[in-house]
1. Six or more apart or on different chains, Cβ atoms under 6 Å: show the pairs whose first residue is in segment 157-173 and closer than 18 Å to residue 89 by Cα and whose second is among the acidic types (Asp, Glu) and modelled with pLDDT of 75 or more.
2. For segment 104-122, how many residues are over 10 Å from residue 136 (Cβ atoms), outside any helix (DSSP H, G or I) and in contact with a helix residue (DSSP H, G or I) (Cβ under 6 Å, 6 or more places away or on another chain)?
3. Taking residue 60 as the residue in question, decide whether it is among the β-branched types (Val, Ile, Thr), crowded, with 20+ Cβ neighbours inside 10 Å, touching a helix residue (DSSP H, G or I) at 6+ places or on another chain (Cβ under 7 Å) and under 18 Å from residue 145 (Cβ atoms).
4. Go through segment 123-148 and report how many residues are touching a strand residue (DSSP E or B) at 6+ places or on another chain (Cβ under 6 Å) and either among the acidic types (Asp, Glu) or assigned to a helix (DSSP H, G or I) (or both).
5. Which is farther than 30 Å from residue 28 by Cβ, surrounded by fewer than 22 Cβ atoms within 10 Å (Cβ to Cβ) and out of contact with any Phe, Trp or Tyr (no Cβ under 7 Å at 6 or more places or on another chain), of 100, 148?
6. Picking from 98, 9, which residue would you name as being in contact (Cβ under 8 Å) with a residue 40 or more places away in the chain and small (Gly, Ala, Ser)?
7. List the number of the failed condition for residue 155; all other conditions in (1) assigned to a helix (DSSP H, G or I); (2) among the hydroxyl-bearing types (Ser, Thr, Tyr); (3) more than 21 Å from residue 61 (Cβ to Cβ) hold.
8. Condition check: under 15 Å from residue 85 (Cβ atoms) and not in a loop (DSSP other than H, G, I, E, B). Does residue 164 satisfy that?
Amino acid sequence: MLHILRQIARTGIRTEDPPAPAHDMVVATRLQEAIARTLGRALTIRHVDAGSCNGCELEIHALANPYYNIEGLGIKFVASPRHADLLLVTGPVSKHMAIPLRRTYDATPDPKLVVAVGECGCSGGIFGESYASLGAVRNVIPVDVEIPGCPPAPTALLQGILAAISAAKPGIG
């Protein structure tokens, strides 16, 4: 046994260098640092489905799985806009959702951030403006960041949230 310990002491610890962090983890780390620097606490998000096909919602729900672990990054979804710092709006705004979306925006305390998600939220998508749709979210409420894609990947959602937080002034919320 003493012989083995001497050999270990002479050789030292030899291991491979750790692998470089994945791109997704770099984005997640930047997001966590930006949230802590800007808010000093967890970011709270109120998600509003303004008439989407639910493709974007599936990607938003993927943020909660163990791979992306959005709660571990200091981001929480809340049920009330009164507790939210950021509104995450999906879908083209249907005419029936225009008033509830405006009320949700008004109920969110200032300063607030609004992120439009998906092609439909950014431009109206394939639905555009019609008898049933007002089109893009910016046609109803002011939008700070748009995340294009049909649907955008969870990493793109994280990058969009990071862009909104980075553009915000410290002390938001």
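The values are calculated or read from the model by the stated rules, or taken from the named source; none is laboratory data. Bear in mind that the values here come from a model prediction, so they are computed numbers and not experimental data. Because the Cβ atoms are built from the backbone with ideal geometry, glycine has one as well, and the counts that use them run over all protein chains shown.
1. 164/144
2. So the answer is 4.
3. yes
4. 3
5. 100
6. Among 98, 9, only 98 is in contact (Cβ under 8 Å) with a residue 40 or more places away in the chain and small (Gly, Ala, Ser).
7. Going through the list (1) assigned to a helix (DSSP H, G or I); (2) among the hydroxyl-bearing types (Ser, Thr, Tyr); (3) more than 21 Å from residue 61 (Cβ to Cβ), residue 155 breaks only (3).
8. Yes.
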